[in-house]
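The values are calculated or read from the model by the stated rules, or taken from the named source; none is laboratory data. Predicted, not measured: the structure shown is a model, and the values here were computed from it. Cβ: placed from backbone, ideal geometry, glycine included. Neighbour counts: every protein chain shown. Heads up: the accessible areas ignore ligands, DNA and RNA and are worked out on the full protein's heavy atoms, side chains in. Shrake-Rupley method; radii C 1.70, N 1.55, O 1.52, S 1.80 Å.
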Amino acid sequence: VRANDDVITAYAKALIRTEALGHARRVIEEAHRDTWRPQLLKLYTQASDAESLTAQLKMLDAWEKQRQALNQPDAQLHLATGQLCLKAQIWGRAKKSFADSIAIRPTAQAHYGLAQAYRAMDDVARAQEEERLAAQLTVL
């Protein structure tokens, strides 16, 4: 059961729905010990709360180092880091993470996240440009 991605995903979603966020985070972290499962990163960001952000960002940093050592950059990993940085109001790091994600694989979600970071940094022109790019990718 622990090796089945569908089961892990369903279990983590159920834990998040019932607001058992700490348990959901542990399930996702344990799932990554043996196998890289980027599809769980979105759930990992959904399982965050104010008290967990620092620990989660440290975990994402550790995962990023693992991916770098294997020379396997992961756009989803950078996207998740950017999303948690937005929640933690770490604007500069959020901007870098979203830009790193876009450099690997441009997505509307990454461009929109970058726009949010720019807005938080009062750079309206760049925020609008990123929103335009996000909209273009959404239409495609």
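Out of all the residues in region 44-53, which are farther than 15 Å from residue 86 by Cβ and either open to solvent by 10 Å² or more (accessible area, probe 1.4 Å) or among the aromatic types (Phe, Trp, Tyr) (or both)?
51
Residue pairs, Cβ under 9 Å, 6 or more apart or interchain, first in region 4-22 and surrounded by 12 or more Cβ atoms within 10 Å (Cβ to Cβ), second among the hydroxyl-bearing types (Ser, Thr, Tyr). List them.
Pairs that qualify, where the first residue is surrounded by 12 or more Cβ atoms within 10 Å (Cβ to Cβ) and the partner is among the hydroxyl-bearing types (Ser, Thr, Tyr), are 5/35; 12/44; 21/48; 21/52; 22/52.
Checking the conditions here, which among 20, 24, 3, 14 is at pLDDT below 95 and not hydroxyl-bearing (Ser, Thr, Tyr)?
After ruling out the rest, the residue left standing is 3.
May I ask you to say which residue of 99, 94, 55, 12 is touching a Cys at 6+ places or on another chain (Cβ under 8 Å), part of a helix (DSSP H, G or I), closer than 25 Å to residue 116 by Cβ and not charged (D, E, K, R)?
94 is the lone residue from the list that is touching a Cys at 6+ places or on another chain (Cβ under 8 Å), part of a helix (DSSP H, G or I), closer than 25 Å to residue 116 by Cβ and not charged (D, E, K, R).
Restricting region 70-88 to residues that are touching a Phe, Trp or Tyr at 6+ places or on another chain (Cβ under 9 Å) and not in a helix (DSSP H, G or I), which is farthest from residue 108 (Cα to Cα)?
Out of the qualifying residues, it is 70.
For residues that are more than 19 Å from the chain's Cα centre (by Cα) and closer than 20 Å to residue 90 by Cα, tally how many sit in region 129-140.
0
Within region 39-52, is there a residue that is closer than 26 Å to residue 106 by Cβ, charged (D, E, K, R), out of contact with any Pro (no Cβ under 7 Å at 6 or more places or on another chain) and modelled with pLDDT of 95 or more?
For region 39-52, residues closer than 26 Å to residue 106 by Cβ, charged (D, E, K, R), out of contact with any Pro (no Cβ under 7 Å at 6 or more places or on another chain) and modelled with pLDDT of 95 or more: present.
So residue 108 passes all but one of these: (1) of a type outside the set (Asp, Glu); (2) open to solvent by 50 Å² or more (accessible area, probe 1.4 Å); (3) over 11 Å from the mean Cα position of the chain (by Cα). Which condition number does it fail?
(2)
Within region 54-86, can you find the residues that are more than 14 Å from residue 41 (Cβ to Cβ), surrounded by fewer than 18 Cβ atoms within 10 Å (Cβ to Cβ) and not polar (S, T, N, Q)?
Passing the criteria: 55, 58, 65, 69, 70.
Looking only at region 24-35, count how many residues are under 18 Å from the mean Cα position of the chain (by Cα) and surrounded by fewer than 16 Cβ atoms within 10 Å (Cβ to Cβ).
4
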